[in-house]
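Engineer: There's a structure below that I have some questions on.
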Amino acid sequence: MQTNIEGKVALVTGSNRGIGRALVEALLERGATKVYATARNKDSLQELVENYGDRIVPLTLDVTKAEEVNATAQTAGDVQVVISNAGFAENIDIFIEDLSVARQEMEVNYWGTLNVARAFVPVLESNGGGAIINISSIAGLVNFPMFPTYSDSKAAVHSLTQGIRLIKGGSVQVVGVYPGPVDTDMAADLEMDKATPQSVAVSILNAVEAGKDEVFPDPVAEGFSGPYEAGTKTLEKQTAEMLAASS
Ligand SMILES: NC(=O)c1ccc[n+]([C@@H]2O[C@H](COP(=O)([O-])OP(=O)(O)OC[C@H]3O[C@@H](n4cnc5c(N)ncnc54)[C@H](OP(=O)(O)O)[C@@H]3O)[C@@H](O)[C@H]2O)c1
């Protein structure tokens, strides 16, 4: 299944900054007629509205609040492409620190993505198909020990995406995205080569239009796709080598 962006109505979660904002811009540049740009704080979407006018519909949305997600699905009842981009990550020592960060990572990354899928997949189906795109991470395929619980939450997103595809893949394009390091606030402390959010957004939309189910949208992620297909142990070995080389 593939989805052309031109002429479509789209929605992006966490679209006020980082990859989400770049996705909104890339969708509009590719001919989406309208994008519901959602964020916890609607005021943070002001610049997008100033730049793109009424092709942007700004909406308040905290993905951890299921009722708010359901209400947004009613408001955005004409949507055909949904991108679950909102995410949260912190670097914690799981053997020392309080685990409230880990719970919040699960709340936003796993439960938020599930809330959005439950609310929006029926809307996509009633609009004739379209695509749901979940942003996982290469850290969802193999654990990165500087973000151990974030990795857990992104593994849950990976599994959830497979599940949605198995259940709904006959009627909706279900895409999992596995970025490597991207130059956003989330990766500000990572000292390694990072892709730009703009290049990642373009790769994601190219893959959606090409009918791909899984997207490795930057050079580091591309280096993972071969080991990913070869199996988890291969991936663990490659990751250990990469971390040893960068420390
Ligand atoms: N950067 C990377 O290296 C990298 C690599 C792999 C995957 N990813 C994934 O890519 C996605 C985008 O990340 P990014 O790098 O662009 O990070 P970012 O710059 O930190 O942006 C995160 C976005 O998520 C939003 N958000 C957080 N909690 C939310 C909630 N409860 N409800 C709605 N929105 C919420 C933030 O909104 P506020 O402004 O309100 O906080 C912000 O818009 C995430 O899923 C992330 O895990 C990133």
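The values are calculated or read from the model by the stated rules, or taken from the named source; none is laboratory data. Nothing here was measured: the structure is a model prediction, and the numbers come from that model. As a convention, Cβ positions derive from the backbone with ideal geometry for all residues, glycine included, and neighbour counts pool all protein chains shown. These area figures cover heavy atoms from the full protein model, side chains too; ligands, DNA and RNA do not enter into them. Shrake-Rupley method; radii C 1.70, N 1.55, O 1.52, S 1.80 Å.
Engineer: Kindly establish whether GLU6 is charged (D, E, K, R), under 21 Å from VAL175 (Cα atoms), open to solvent by 50 Å² or more (accessible area, probe 1.4 Å) and out of contact with any Pro (no Cβ under 7 Å at 6 or more places or on another chain).
Structural biologist: Judged against the criteria, GLU6 is a match.
Engineer: Among the residues of the stretch 39-51, is any acidic (Asp, Glu), assigned to a helix (DSSP H, G or I), within 14 Å of the ligand (Cβ to nearest atom) and within 23 Å of VAL172 (Cβ to Cβ)?
Structural biologist: Within the stretch 39-51 (the criterion being acidic (Asp, Glu), assigned to a helix (DSSP H, G or I), within 14 Å of the ligand (Cβ to nearest atom) and within 23 Å of VAL172 (Cβ to Cβ)), the answer is no, since none of the residues qualifies.
Engineer: Suppose we filter the stretch 11-25 for residues that are crowded, with 24+ Cβ neighbours inside 10 Å and either over 14 Å from the mean Cα position of the chain (by Cα) or near the ligand (Cβ under 10 Å from one of its atoms) (or both); how many remain?
Structural biologist: Final tally of qualifying residues: 8.
Engineer: If you don't mind, there's one more thing I want to ask. Output the number of residues of the stretch 122-171 satisfying the condition of being of a type in the set (Asp, Glu) and either more than 30 Å from ALA188 (Cβ to Cβ) or away from the ligand (no atom under 16 Å from the Cβ) (or both).
Structural biologist: The number of residues fulfilling the criteria is 1.
Engineer: Go through (1) under 23 Å from THR113 (Cβ atoms); (2) open to solvent by 60 Å² or more (accessible area, probe 1.4 Å) and name the single condition ALA230 misses.
Structural biologist: That leaves (1) as the condition not met.
Engineer: Could you please give the count of residues in the stretch 221-247 that are part of a helix (DSSP H, G or I) and within 22 Å of GLN162 (Cα to Cα)?
Structural biologist: The first filter runs over the stretch 221-247 and keeps only residues part of a helix (DSSP H, G or I), leaving 221-230, 232-246.
This time we only want the ones that are within 22 Å of GLN162 (Cα to Cα), so: 221-230, 232-236.
Total meeting the criteria: 15.
Engineer: So, one more: Tell me the residue from LEU124, LEU160 that is modelled with pLDDT of 95 or more, under 28 Å from MET242 (Cβ atoms) and crowded, with 20+ Cβ neighbours inside 10 Å, please.
Structural biologist: LEU160
Engineer: Give the residues of the stretch 37-62 that are open to solvent by 10 Å² or more (accessible area, probe 1.4 Å) and touching a Gly at 6+ places or on another chain (Cβ under 9 Å), sorted by residue number.
Structural biologist: Matches in the stretch 37-62: ARG40, ASP62.
Engineer: So in the stretch 172-201, with the set limited to residues that are within 7 Å of the ligand (Cβ to nearest atom), open to solvent by less than 30 Å² (accessible area, probe 1.4 Å) and in a loop (DSSP other than H, G, I, E, B), which one is farthest from THR161 (Cα to Cα)?
Structural biologist: THR184
Engineer: Which of the residues spanning the stretch 142-156 are surrounded by fewer than 24 Cβ atoms within 10 Å (Cβ to Cβ) and of a type outside the set (Val, Ile, Thr)?
Structural biologist: ASN143, PHE144, PRO145, MET146, PHE147, PRO148, SER151, ASP152, ALA155, ALA156
Engineer: May I ask you to list the residues in the stretch 26-38 that are near the ligand (Cβ under 8 Å from one of its atoms) and in contact (Cβ under 8 Å) with a residue 60 or more places away in the chain?
Structural biologist: Residues satisfying the conditions do not exist here.
Engineer: For VAL220, are the conditions met, namely being touching a residue at least 24 places away in the same chain (Cβ under 8 Å) and either away from the ligand (no atom under 14 Å from the Cβ) or more than 15 Å from the chain's Cα centre (by Cα) (or both)?
Structural biologist: Against the criterion (touching a residue at least 24 places away in the same chain (Cβ under 8 Å) and either away from the ligand (no atom under 14 Å from the Cβ) or more than 15 Å from the chain's Cα centre (by Cα) (or both)), VAL220 qualifies.
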